[in-house]
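Have a look at the structure below, then the notes.
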Amino acid sequence: MTYDLIVIGTGPGGYVCAIRAAQLGLKTAVVEKRATFGGTCLNVGCIPSKALLHASHMFGEAAHGLAALGVVVDPPRLDLPAMMKHKDDTVAANVNGVAFLLKKHKIDAFIGAGRLLAPSAGPHQVEVAAADGAKQILSAKSVVIATGSAVAPLRDAAGAPIEIDEKVVLSSTGALELPKVPESLVIVGAGVIGLELGSLWRRLGAKVTVIEFLDRILPGFDIEIAARFQKILEKQGFVFRLKTKVTQVAKTEAGATVSFAAVDGSGDGMIGADAVLIATGRVPYTEGLGLAEAGVALERGRVVIDDNFATNVAGVYAIGDVVRGPMLAHKAEEEGVAVAEILAGQHGHVDYGVIPGVVYTMPEIASVGLTEEEARAKHGAVNIGKFPFTANGRARAMRETEGFVKIIADAATDRVLGVHILGAGAGEQIAEACVLMAFSGSAEDLARICHAHPTLSEAVKEAALAVDKRAIHI
């Protein structure tokens, strides 16, 4: 069977690419190794984690937050199976929704592991190997690799990978399936995944310790935002061991022990835990795709592409976590749309300067553009406006006054270079910053836009006013 396009992988990048290609008239097929569509994000990543984060936040509010609002409840009782069912139902709704969309757009779907065959004259060939061993060959003018990423292994002091059994030693997948709340949880890595899942289980009663090799949490985020956030998490009960390297994780009858050493050589230590979450990042998933046999170039594990997402092999493209750039679902979606439009003869494009990032803790963090450190290094003089949620009327009414908005603008042009929000609803508020920056807007532009009162987003307007030192409410 021959297609205009075959997409290998149906995560956010892959299924969006396929749908856009079908909208543009390309005969399209997808290949997916899972039994369900949606990739890591919908099945074992973004969607289930957000379902549990929301549910755990509701539990935390019932336990500690409602009395101050005049809502008195008995001490809440955790029904973890019911919470897990909410998570599973949310996942099912999303993956079934993707299946519906693929069918709606007349996209043929093949379940099995996809592999590029060695190049030959004519269309590209993709072998699909089903779980029962059956194989079939598909052909296409173009192939898009959209296979996402996998958990990065953590290695011990001897260089051997630490085994993840998803019962005691967990990846993010196992951390979303625990049958009971661990009394103590050690998290290796203070990035987004570790802090989100740590927040989830801390709210439900776990004692959480985070071990991080670097001297800060949330590498890549604005340092001022990350430092303030660390203090908030510590107030919530997190314990951090920074500048610390994990040297071994050993399972015991009671759970596990984590051995560690200070990066500066000042000492070693050990901590016991009921469970250990390895959250040291993700790596591109290229295993078994036949890329080497097909001659597709890789660099440091990533598929090498040009500005049009094309690999060095004509007709083979790649998007998402397997290529350069941040490993974010929405970045993969934008690339999927862009490559589909390019294949249809249009001018697909992604503005990589306006890719937001969100940490779905409470409070949330949302960021787009340059950090203060990056902006000063790249542009020299900058002006910065900040506004605290303690001075926002809606935040006071909601008792969500932690955090602030920070806007960074070029001192010469006033063009907004970066926006960083630490606070409730930050992930939704960042959207207006993305729109502003997509049109090269200035802090003055944002400051003069009327915002509804009372809303949390007024803090964004006030931060824009503060760039010119004329905030009203501080």
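The values are calculated or read from the model by the stated rules, or taken from the named source; none is laboratory data. Not measured: the values here are computed from a predicted model. Note that we place each Cβ from the backbone using ideal geometry, even for glycine, and neighbour counts take in every protein chain shown. Surface accessibility is based on the protein's heavy atoms, side chains included, excluding ligands, DNA and RNA. Shrake-Rupley method; radii C 1.70, N 1.55, O 1.52, S 1.80 Å.
In table form, for the structure just shown:
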{"read-out": "Filter result for residue 125 (out of contact with any Leu (no Cβ under 9 Å at 6 or more places or on another chain), among the polar types (S, T, N, Q) and open to solvent by 50 Å² or more (accessible area, probe 1.4 Å))", "value": "no"}
{"read-out": "Where residue 427 falls short, out of the listed (1) among the small types (Gly, Ala, Ser); (2) out of contact with any helix residue (DSSP H, G or I) (no Cβ under 8 Å at 6 or more places or on another chain); (3) closer than 15 Å to residue 394 by Cβ", "value": "(3)"}
{"read-out": "Inter-residue pairs, beta-carbon under 6 Å, first closer than 29 Å to residue 233 by Cα and in segment 416-443, second aliphatic (A, V, I, L, M) and in a loop (DSSP other than H, G, I, E, B), 6+ apart", "value": "417/370; 418/370; 425/456"}
{"read-out": "Residue check for residue 28: touching a Gly at 6+ places or on another chain (Cβ under 9 Å), surrounded by 15 or more Cβ atoms within 10 Å (Cβ to Cβ), touching a residue at least 40 places away in the same chain (Cβ under 8 Å) and among the hydroxyl-bearing types (Ser, Thr, Tyr)", "value": "no"}
{"read-out": "Answer residue from segment 180-191, given it is more than 16 Å from residue 231 (Cα to Cα) and hydrophobic (A, V, I, L, M, F, W, C) and is most open to solvent (accessible area, probe 1.4 Å) among those", "value": "181"}
{"read-out": "Selected residue [over 25 Å from residue 324 (Cβ atoms), among the hydrophobic types (A, V, I, L, M, F, W, C) and either touching a helix residue (DSSP H, G or I) at 6+ places or on another chain (Cβ under 8 Å) or free of Cβ contacts under 8 Å to residues at least 60 places away in the same chain (or both)] from 69, 53", "value": "53"}
{"read-out": "Unique residue being touching a residue at least 60 places away in the same chain (Cβ under 8 Å) and more than 30 Å from residue 246 (Cβ to Cβ) when the list is 122, 114", "value": "114"}
{"read-out": "Looking only at segment 334-384, and only at residues there that are outside any helix (DSSP H, G or I) and touching a Cys at 6+ places or on another chain (Cβ under 6 Å), the one that is nearest to residue 23 (Cα to Cα)", "value": "356"}
{"read-out": "All positions within segment 285-315 that are hydrophobic (A, V, I, L, M, F, W, C), out of contact with any Gly (no Cβ under 9 Å at 6 or more places or on another chain) and in contact (Cβ under 8 Å) with a residue 24 or more places away in the chain", "value": "291, 294, 303"}
{"read-out": "Tally of residues being surrounded by 15 or more Cβ atoms within 10 Å (Cβ to Cβ) and in contact with a Gly (Cβ under 8 Å, 6 or more places away or on another chain) across segment 430-461", "value": "6"}
{"read-out": "Conditions (1) open to solvent by 60 Å² or more (accessible area, probe 1.4 Å); (2) in contact with a Ser or Thr (Cβ under 8 Å, 6 or more places away or on another chain); (3) among the β-branched types (Val, Ile, Thr); (4) under 22 Å from residue 364 (Cβ atoms): number failed by residue 474", "value": "(2)"}
{"read-out": "Count of segment 311-333 residues which are in a loop (DSSP other than H, G, I, E, B) and open to solvent by 40 Å² or more (accessible area, probe 1.4 Å)", "value": "6"}
{"read-out": "Filter pass, residue 401 being free of Cβ contacts under 8 Å to residues at least 24 places away in the same chain, at negative phi, among the polar types (S, T, N, Q) and assigned to a loop (DSSP other than H, G, I, E, B)", "value": "yes"}
{"read-out": "Hey, residue 195 in contact with a helix residue (DSSP H, G or I) (Cβ under 9 Å, 6 or more places away or on another chain) and of a type outside the set (Asp, Glu) or not", "value": "yes"}
{"read-out": "Any hit, segment 34-57, residues being open to solvent by 70 Å² or more (accessible area, probe 1.4 Å) and at pLDDT below 95", "value": "no"}
{"read-out": "Some residue of segment 265-281 being free of Cβ contacts under 8 Å to residues at least 24 places away in the same chain, surrounded by 16 or more Cβ atoms within 10 Å (Cβ to Cβ), out of contact with any helix residue (DSSP H, G or I) (no Cβ under 7 Å at 6 or more places or on another chain) and among the hydrophobic types (A, V, I, L, M, F, W, C)", "value": "no"}
{"read-out": "Contacts under 8 angstrom Cβ, first residue in segment 363-378 being under 16 Å from residue 467 (Cα atoms), partner aromatic (Phe, Trp, Tyr) and surrounded by 15 or more Cβ atoms within 10 Å (Cβ to Cβ), 6 or more apart", "value": "371/221"}
{"read-out": "Every residue from segment 244-261 that is within 14 Å of residue 157 (Cα to Cα) and open to solvent by 30 Å² or more (accessible area, probe 1.4 Å)", "value": "245, 247, 248, 250"}
{"read-out": "Residue list for segment 1-27, filter: farther than 9 Å from residue 336 by Cα, under 18 Å from the mean Cα position of the chain (by Cα) and not β-branched (Val, Ile, Thr)", "value": "9, 11"}
{"read-out": "Residue match in segment 382-400 (condition: surrounded by 23 or more Cβ atoms within 10 Å (Cβ to Cβ) and over 23 Å from residue 223 (Cβ atoms))", "value": "yes"}
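Conditions (1) under 30 Å from residue 418 (Cα atoms); (2) small (Gly, Ala, Ser); (3) in contact with a helix residue (DSSP H, G or I) (Cβ under 9 Å, 6 or more places away or on another chain); (4) crowded, with 20+ Cβ neighbours inside 10 Å, marked per residue:
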residue: 150; (1), (2), (3), (4): yes, yes, yes, no
residue: 158; (1), (2), (3), (4): no, yes, no, no
residue: 178; (1), (2), (3), (4): no, no, yes, yes
residue: 199; (1), (2), (3), (4): yes, yes, yes, yes
residue: 206; (1), (2), (3), (4): no, yes, yes, yes
residue: 221; (1), (2), (3), (4): yes, no, yes, yes
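Residues checked against (1) β-branched (Val, Ile, Thr); (2) over 25 Å from residue 180 (Cβ atoms):
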| position | (1), (2) |
| --- | --- |
| 203 | no, no |
| 206 | no, no |
| 212 | no, yes |
| 218 | no, yes |
| 223 | yes, yes |
| 226 | no, yes |
| 229 | no, yes |
| 232 | yes, yes |
| 238 | no, no |
